[in-house]
1. Restrict the check to the stretch 61-79 and report whether at least one residue is closer than 15 Å to residue 14 by Cβ and not β-branched (Val, Ile, Thr).
2. Here is a check on your reading of the model: is residue 52 of a type outside the set (Gly, Ala, Ser), under 15 Å from residue 16 (Cβ atoms) and without any contact (Cβ under 8 Å) to a residue 60 or more places away in the chain?
3. Going through the stretch 32-53 one residue at a time, which ones are in a loop (DSSP other than H, G, I, E, B), closer than 20 Å to residue 114 by Cα and under 13 Å from the mean Cα position of the chain (by Cα)?
4. Can you pull out every residue in the stretch 1-25 that is under 17 Å from the mean Cα position of the chain (by Cα) and either at pLDDT below 95 or not in a loop (DSSP other than H, G, I, E, B) (or both)?
5. Output the residues belonging to the stretch 69-111 that are touching a Ser or Thr at 6+ places or on another chain (Cβ under 7 Å) and touching a residue at least 24 places away in the same chain (Cβ under 8 Å).
6. Name the residue that is surrounded by the fewest Cβ atoms within 10 Å (Cβ to Cβ), counting only residues in the stretch 112-131 that are within 18 Å of the chain's Cα centre (by Cα) and in a loop (DSSP other than H, G, I, E, B).
7. Name the one entry in 79, 72 that is crowded, with 18+ Cβ neighbours inside 10 Å and out of contact with any Pro (no Cβ under 8 Å at 6 or more places or on another chain).
8. Out of 100, 61, 92, I need the residue that is modelled with pLDDT under 95, farther than 14 Å from residue 138 by Cβ, within 16 Å of the chain's Cα centre (by Cα) and surrounded by 13 or more Cβ atoms within 10 Å (Cβ to Cβ). Which one?
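The values are calculated or read from the model by the stated rules, or taken from the named source; none is laboratory data. Model, not experiment: these values are computed from the prediction. We place every Cβ from the backbone using ideal geometry, glycine too, and count neighbours over all the protein chains shown.
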Amino acid sequence: MTAAVTLAALGNGPAFSAYNSTTQSISTATFTKVTLDTEVFDTNSNFASSRFTPTVAGYYQVNGNVRSGGTAKTVAVVAIYKNGSSYGYGNQINGTSAIQLVVNEVVYLNGSTDYVELYGYVDATTPTFDFANTSANCRFSASLVRGA
């Protein structure tokens with residue numbers, strides 16, 4: 001009986017999804033926070049200033065993707081940061097064209113001070129996180145998958 005209650009509570013846990021609505025110019029060869037200015041949903045009002053700070057302790061599935069832009073590109077990487085430090089890296093691509101990068105991690109967040117953010121790195125001339133006419137190019141989301 002207890003397991004059913006726990007599972008029901010998880011279905012109502014914090015979750016959000018957000019994206020950036022314009023191309024973001026960034027510094028070359030520097031990990032930069034992705035600016036996410038449009039919320040698709042935020043079930044518990046835990047997403048603000050491109051940061052997710054849930055008020056329920058537990059394990060969260062965190063997902064991010066970034067489309068890198070710029071010319072003379074050599075390397076692009078996407079990462080999830082926890083509390084201001086790198087936590088998990090997604091794919092790293094070496095190439096010259098626009099690249100879609102993806103990162104997925106399960107992250108423990110304490111429900112009070114822990115937070116996660118999406119970062120990217122592009123080594124290019126005039127690098128960007130590219131909106132390119134679609135909100136699918138730079139997105140960030142998370143949801144509670146297991147209580148603490």
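1. yes
2. So residue 52 does not fit the description; no.
3. Within the stretch 32-53, 34, 35, 36, 49, 50, 53 meet the criteria.
4. 15, 16, 17, 18, 19, 20, 21, 22, 23, 24, listed by residue number.
5. Selection gives 69, 70, 71, 72, 73, 76, 79, 98, 99, 101, 111.
6. 113
7. After ruling out the rest, the residue left standing is 79.
8. Going through 100, 61, 92 in turn, the sole match is 92.
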